[in-house]
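One structure is given here, and the rest of the page talks about it.
The values are calculated or read from the model by the stated rules, or taken from the named source; none is laboratory data. It should be emphasised that the depicted structure is a prediction, and the values quoted were computed from it without experimental measurement. Note: ideal-geometry Cβ built from the backbone for every residue, glycine included; neighbour counts use all protein chains shown. Accessible surface is based on the protein model in full, side chains and every heavy atom, while ligands, DNA and RNA are left aside. Shrake-Rupley method; radii C 1.70, N 1.55, O 1.52, S 1.80 Å.
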Amino acid sequence: QVRLVESGGGSVQPGGSLRLSCAASGSSLSIYIMAWYRQAPGKQRELVARIFTEGTTNYADSVKGRFTISRDNAKNTVYLQMNSLKPEDTAVYYCNPWGRNYWGQGIQVTVSS
């Protein structure tokens, strides 16, 4: 069983930055491909970014060039650095071991002027 706790969300103006963290317990995240998802009100959950075990990353087109996913296996934590935030980035963000049904409570990110 993997327990995931997301943190670092909040409210920010357009153009601002936030750094999300996903801390895990119960298992080492180093063995998983890790992903960040988001779900906006009234919309389906969408994949934002993934990081493979060797460090390769990929991103949704909507966040490419603005968001950076990273991992610190020593801290058993995955991060999502979000820059140049836009109102359409407003959502609840979740981290997830790819292909596994382990989810945290999510963290709200609100981008508004």
Once fully extended, how much extra length lies between ARG100 and SER7, figured as 0.36 nm per residue of separation less the alpha-carbon to alpha-carbon distance?
-> 31.4 nm
Leaving ligands, DNA and RNA out of it, work out the accessible area of TRP103 with a 1.4 Å probe and give it in Å² to the nearest 10.
-> 90
The answer for trypsin sites (Lys or Arg not before Pro) in segment 50-113 that fall in a DSSP coil and have at most 13 neighbouring Cβ atoms within 10 Å is LYS64, LYS75, ARG100
Counting alpha carbon pairs within less than 8 Å and at least 6 residues apart, what relative contact order, in whole percent, applies to the chain?
-> 37
Label model pair ALA60, GLN39: point-to-point distance (7 angstrom along the Cα→beta-carbon line) in nm is 1.3
Tally up the carbon and sulfur contribution to the accessible surface of the chain as a whole percent, 1.4 Å probe, everything protein left in place.
-> 46
Of the residues GLY26, GLY99, GLY42, which exhibits the maximal mean-square fluctuation in a Gaussian network model of the chain defined by a 10 Å Cα contact cut-off?
-> GLY42
May I have the pair-distance distribution P(r) for the chain, computed from all Cα-Cα distances with 10 Å bins from 0 and rounded to whole percent?
-> 15, 51, 29, 5
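Can you give the Rg/Rh ratio of segment 69-113, where Rg is from the C-alpha atoms and Rh is the Kirkwood radius?
Over the Cα atoms of segment 69-113, Rg/Rh equals 1.02.
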